[in-house]
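Some notes on the structure that comes next.
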Amino acid sequence: MKSDIDEINLAADRRSGMIFLIRIIHTIIFLLSLLCIAYVYYCGLRKQPDSIAYFASAVLVLQAILVLINNRQCPLRVLHRKFGDEKGFFDLFIPKAVLPYVYPSLVVIGSLGIILLIF
């Protein structure tokens, strides 16, 4: 028969597993975003846009819109909080003083790449 402590430990293990999974998914999404930015710049600097570059641009625009809709917070932050993770993705490795500038900086960098691609 399981005790209350065993059930609490099992719930904590499940939460830890979900937090780890959310962080892995968040990392993959972030790396794909960086790849999108890099590819947009690559095509833009070469003045050779292609369908993949336009798709990457659309992904960047969609991400910017999602962040704006969520009060300049990542939509996945809700999942972090739901499972008891008090730190968002960038909170793990960026100082708190810099955090307010991360999303605006990424939006500017991505936007400049898209402008470079179009013109």
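What is the one condition in (1) exposed (fewer than 14 other Cβ atoms within 10 Å of the Cβ); (2) charged (D, E, K, R); (3) in a helix (DSSP H, G or I) that residue 72 does not satisfy?
That leaves (3) as the condition not met.
When you look at residue 66, is it more than 25 Å from residue 17 (Cβ to Cβ), touching a residue at least 40 places away in the same chain (Cβ under 8 Å) and within 12 Å of the chain's Cα centre (by Cα), yes or no? Outline the logic, then answer.
Values: more than 25 Å from residue 17 (Cβ to Cβ): yes; touching a residue at least 40 places away in the same chain (Cβ under 8 Å): no; within 12 Å of the chain's Cα centre (by Cα): yes.
No: the conditions fail for residue 66.
Return the total of residues in segment 16-53 being part of a helix (DSSP H, G or I) and free of Cβ contacts under 8 Å to residues at least 60 places away in the same chain. Steps first, please.
Taking segment 16-53 first, the residues part of a helix (DSSP H, G or I) are 16-46, 51-53.
From the residues that got through so far, the ones that are free of Cβ contacts under 8 Å to residues at least 60 places away in the same chain too are 16-17, 20-21, 24-25, 28-32, 34-35, 38-39, 42, 46, 51-52.
Number satisfying all stated conditions: 19.
Tell me, yes or no, whether segment 27-39 has at least one residue that is within 13 Å of the chain's Cα centre (by Cα), at pLDDT below 95 and hydroxyl-bearing (Ser, Thr, Tyr).
Yes.
Take the residues of segment 91-119 that are part of a helix (DSSP H, G or I) and farther than 27 Å from residue 52 by Cβ: which is modelled with the highest pLDDT?
101
Is there a residue in segment 19-30 that is farther than 16 Å from residue 115 by Cα, exposed (fewer than 13 other Cβ atoms within 10 Å of the Cβ) and of a type in the set (Ser, Thr, Tyr)?
Yes, there is a match, as at least one residue in segment 19-30 is farther than 16 Å from residue 115 by Cα, exposed (fewer than 13 other Cβ atoms within 10 Å of the Cβ) and of a type in the set (Ser, Thr, Tyr).
Can you name the residue in segment 78-119 that is of a type in the set (D, E, K, R) and in contact with a helix residue (DSSP H, G or I) (Cβ under 9 Å, 6 or more places away or on another chain) and, of all such residues, is surrounded by the fewest Cβ atoms within 10 Å (Cβ to Cβ)?
Here is the first cut: in segment 78-119, the residues of a type in the set (D, E, K, R) are 81-82, 85-87, 91, 96.
Then drop every residue that is not in contact with a helix residue (DSSP H, G or I) (Cβ under 9 Å, 6 or more places away or on another chain), which leaves 82, 85-87, 91.
Working: 82: 12, 85: 20, 86: 7, 87: 13, 91: 15.
The extreme case among them is 86.
The values are calculated or read from the model by the stated rules, or taken from the named source; none is laboratory data. None of these values were measured; they are calculated from a predicted model. Methodologically, a virtual Cβ is constructed for each residue, glycine included, from the backbone with ideal geometry; neighbour enumeration extends over all protein chains shown.
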